[in-house]
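The values are calculated or read from the model by the stated rules, or taken from the named source; none is laboratory data. Note that the structure is predicted; figures quoted are calculated from it, not measured. Cβ placement follows ideal geometry from the backbone for every residue including glycine, while neighbour counts extend to all protein chains displayed.
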Amino acid sequence: MSSRDGTTIKDLPSTPSNSEAITNGTTKRADPVKALDSLLDDTFPVQNDTLLPPSFEPDEGDIFGDISYDEVDDRILAFQEDEFVREALEKGVDLREYAREIGEQRVSLQRSLEKNYLDHMQTFLDLHNEIKACDEVLGSMEELLDVFQGDLGNISGEIQSLQERSSQMNIRLRNRKVVESRLTRVLQGMVIPPYVIKKISEDEVDEVWMQYVLGINKQMRFVKANQQKPIKALRNVGPEMERLRLKAAATIRDFFVSRIHGLCVPNTNIQIMQQSVFLKYKDLHYFVLERHHDAAEEIQQTYVNSLRWYFHNHFDRYAKGLAKLQTVTADKTDLIGAEEHTRKVGGLFSSSKVALKDKMNIFALGDRIDTLRMHGQGVILIHVAESKDMRYQFEQLFRSLNLTLIDNASSEYLFIYEFFSRDNAKADDIAKSNFQQIFEPTIKVANNFTKTYVENCYDAVGILLCIRINTQLALELQRRRIPTLEGYTNSTNMLLWPRFQALMTSHIESLRKMASTKAMNLVVKDIHPHYVTRRYAEFAASLLVLNDGYDDAILTNSIHKLRQEFEALLSRMASEFSDPLQKPAFLINNYDLIISVLEEAQSRTVETELEHLRQILNMHIGSFVVEQLKPFFGTMIEFVENHLDDPSAQVDEHRLEQICTHFNQQWRSSISAINVSVVQYFSNFKNGTAVLHAVLGHLIMWYTKFLTIMDAHPIPNVQPVGVQAVMVDIKRFRSTF
């Protein structure tokens, strides 16, 4: 509701509450009693637009004294603008009555509030007392906090003082540590304990002795690095270190020299000594390399001389022992083209019977290939072989000697590389130099062993086996990364290859010489495979198998030359037969033997050779077929050949009738005769069966063509035999061989 002058009840001034007085009175606290008295006071201040209580009576002479007419006009305008007043005036409401009602409501409300305040007066008094008590407690706490704040200030100052002192102590500690580390390094580099001097001067070499010497070596490096500095102790310790250096070098020299001499004792295992002694104390050798060059040179030279003698002596005895185990080898008569009587005839006092008894087939490879394939087999032990009276082919002896050589050489090279040099840049040169000095006489022994055999060797298969063994050993050296024996393997190849080529030339020349002989009738006696053919087949198979995986152009060229000369010789031998069937039969038997031997080889390299030989064999089988059919069915074959281009052309029917009649009468007996003939010429089951099938197959082919001509020119009085009848009869001869 609004008053007459536009002021609402909400706009009336209110007395501030005690809580507001306490909240706003941070510096000046309100007294609750005084606040209550002010609320109970009957005197109310009068404001400009506030309604006066009814008991208020102004003076009669002053009733209009404070009224301004300008204000009256302004208020009248304000009332007119007020929406509620304007609405009340329009409705005719009595404003004076309305104002009086409002005033009465205000007085009633004010008295209600006063009564409420009086009812709660004790509560306000209690609250006042509690606030006083709180003020006292807060005052004491304020004093305590002031004291605590002062104490904290003192503690903060003490902490700051401690931090400053700690920082100073850390700086001093770091400085002392730096000084201590430098001083410790100086002391360690100069001070030699008495027990170290006593150990080095009086005791024998052991691991503790080695550690002391290595420690002295570090001190020597320190003294040398700081000898220009003005430190008196460095000058004083120098002579003592020099005496220790000389004493240690002498002791190390005597230690290694005595151990090196021990290597020359019989039955000494060098590899074990190298690992357990020399490499264990290799740091001592590094010490003399750095501190006493003469002692290092003496140790190295002593080792080289001792091992030089050791390896030469042992390999020389081993090579001589192996030479005694060699079986009987081939001689200059063991050539492919050599005649049998030449190889068997000996001198008056010769021991050819014993030699032939002990000799093996030098053309066939056989089990000799195992020398290449058995990589895990060990070397030959001479005392074991002698006790069992064993004999070996040269390639086995060659492998055993060279395998022993590369094993010892590999171990020795690796030891020299590790022991005699600590500088990796110079280690290769030092190792190669020492290795060459040690193994030079030993390599000569191995070369002489091979050379002695090669000069008098006529076993080409054995030489080629040695070449392959040498290649395998060279690859093994590359795998082990041992470069020092490369020259040896190359020189061995230079001994073996020329001799092998010379032997191949001898075999080729022997074939050429046999082909040019005038007494060929003495060489060829029958149509069975010639002994030269078996030699060639076995020799060619051996060479081809040993070329598998190598594909040497030199060897391939030699094999081709050998084949050309052999084929020429075989043709020359076949020409000695006057019988037209014997010539192809001889060639078929010989080429069949060669194919059979090569097929047994089971190697990739023989396939090309087999293809060539099969073509030649089929050609000669074709020649034999023609010659075999000619006596029995030559007339029919000739007739068919003349009319093969056009079977329906004009023919001599009388001759056709004669040929058909003759075939009908003689075909069974002729087939039986052919079977008997083939059996006589070919005793080999597989070969004879193939030839017989070829002959009978060609017979069926020619007879089928002949029947084609008969069908084009039928003869009333003659009925030819059917092809099926002939084929059924031929089946009887399938199991002849």
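Things worth noting here:
- Qualifying residue in the range 586-600 (condition: at pLDDT below 95, more than 30 Å from Thr704 (Cα to Cα), of a type in the set (Asp, Glu) and outside any helix (DSSP H, G or I)): no
Listed here are the residues, each with its yes/no results for (1) without any contact (Cβ under 8 Å) to a residue 12 or more places away in the chain; (2) in contact with a Ser or Thr (Cβ under 9 Å, 6 or more places away or on another chain); (3) not basic (Lys, Arg).
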{"site": "Arg243", "(1), (2), (3)": "yes, yes, no"}
{"site": "Ile252", "(1), (2), (3)": "no, no, yes"}
{"site": "Ser258", "(1), (2), (3)": "yes, no, yes"}
{"site": "Leu263", "(1), (2), (3)": "no, yes, yes"}
{"site": "Gln271", "(1), (2), (3)": "no, yes, yes"}
{"site": "Leu279", "(1), (2), (3)": "no, no, yes"}
{"site": "Leu289", "(1), (2), (3)": "no, yes, yes"}
{"site": "Ala295", "(1), (2), (3)": "no, no, yes"}
{"site": "Glu298", "(1), (2), (3)": "no, no, yes"}
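- Residue identified as among the polar types (S, T, N, Q), part of a loop (DSSP other than H, G, I, E, B), over 23 Å from Val651 (Cα atoms) and touching a residue at least 60 places away in the same chain (Cβ under 8 Å) among Ser677, Ser683: Ser683
- Yes/no for Glu627 being more than 30 Å from Asp551 (Cα to Cα), of a type in the set (D, E, K, R) and touching a Lys or Arg at 6+ places or on another chain (Cβ under 9 Å): yes
- Looking only at the range 368-415, residues that are more than 15 Å from Cys466 (Cβ to Cβ) and among the hydroxyl-bearing types (Ser, Thr, Tyr) come to 5 in all.
- None of Ala515, Ala519 is touching a Lys or Arg at 6+ places or on another chain (Cβ under 7 Å) and modelled with pLDDT under 95 except Ala515.
- Residues in the range 280-320 that are among the aromatic types (Phe, Trp, Tyr) and over 30 Å from Arg221 (Cα atoms): Trp309, Tyr310, Phe311, Phe315, Tyr318.
- Condition met for Phe449 (farther than 20 Å from Thr327 by Cα, among the aromatic types (Phe, Trp, Tyr) and either in a helix (DSSP H, G or I) or within 30 Å of the chain's Cα centre (by Cα) (or both)): no
- Counted residues, the range 151-209 - those being closer than 30 Å to Arg253 by Cβ and in a helix (DSSP H, G or I): 15
- The set of residues in the range 540-558 that are among the hydroxyl-bearing types (Ser, Thr, Tyr) and in contact with a Phe, Trp or Tyr (Cβ under 8 Å, 6 or more places away or on another chain) contains only Ser542.
- Residue count for the range 288-340 under the criterion of being among the basic types (Lys, Arg), out of contact with any Phe, Trp or Tyr (no Cβ under 9 Å at 6 or more places or on another chain) and not in a helix (DSSP H, G or I): the result is 0.
- Among the conditions (1) within 48 Å of the chain's Cα centre (by Cα); (2) outside any helix (DSSP H, G or I), Phe539 misses just one, which is (2).
- Checklist (1) under 22 Å from Ser542 (Cβ atoms); (2) part of a helix (DSSP H, G or I) applied to Tyr458, failing item: (2)
- Selection status of Asp407, out of contact with any helix residue (DSSP H, G or I) (no Cβ under 8 Å at 6 or more places or on another chain) and either under 30 Å from Arg291 (Cβ atoms) or of a type in the set (Ser, Thr, Tyr) (or both): no
- Test: Thr505 is part of a helix (DSSP H, G or I) and surrounded by 14 or more Cβ atoms within 10 Å (Cβ to Cβ): no
- Subset of the range 402-435 [surrounded by fewer than 22 Cβ atoms within 10 Å (Cβ to Cβ), more than 29 Å from the chain's Cα centre (by Cα) and either closer than 27 Å to Arg373 by Cα or modelled with pLDDT of 95 or more (or both)]: Thr404
- A search for C-beta distances below 7 Å between a residue of the range 708-721 that is over 13 Å from Arg655 (Cα atoms) and in the same structural domain as Gln665 (by TED's automatic domain parsing) and any residue that is surrounded by 11 or more Cβ atoms within 10 Å (Cβ to Cβ) and modelled with pLDDT of 85 or more, counting only pairs 6+ apart in sequence or on different chains, returns Pro720/Cys660; Pro720/Asn664; Pro720/Leu707; Pro720/Met710; Val721/Phe663; Val721/Asn664; Val721/Trp667.
- Filter pass, Ser623 being small (Gly, Ala, Ser) and surrounded by 12 or more Cβ atoms within 10 Å (Cβ to Cβ): yes
- Qualifying residues in the range 226-249 (those that are part of a helix (DSSP H, G or I) and under 51 Å from the mean Cα position of the chain (by Cα)) - the one surrounded by the most Cβ atoms within 10 Å (Cβ to Cβ): Ala248
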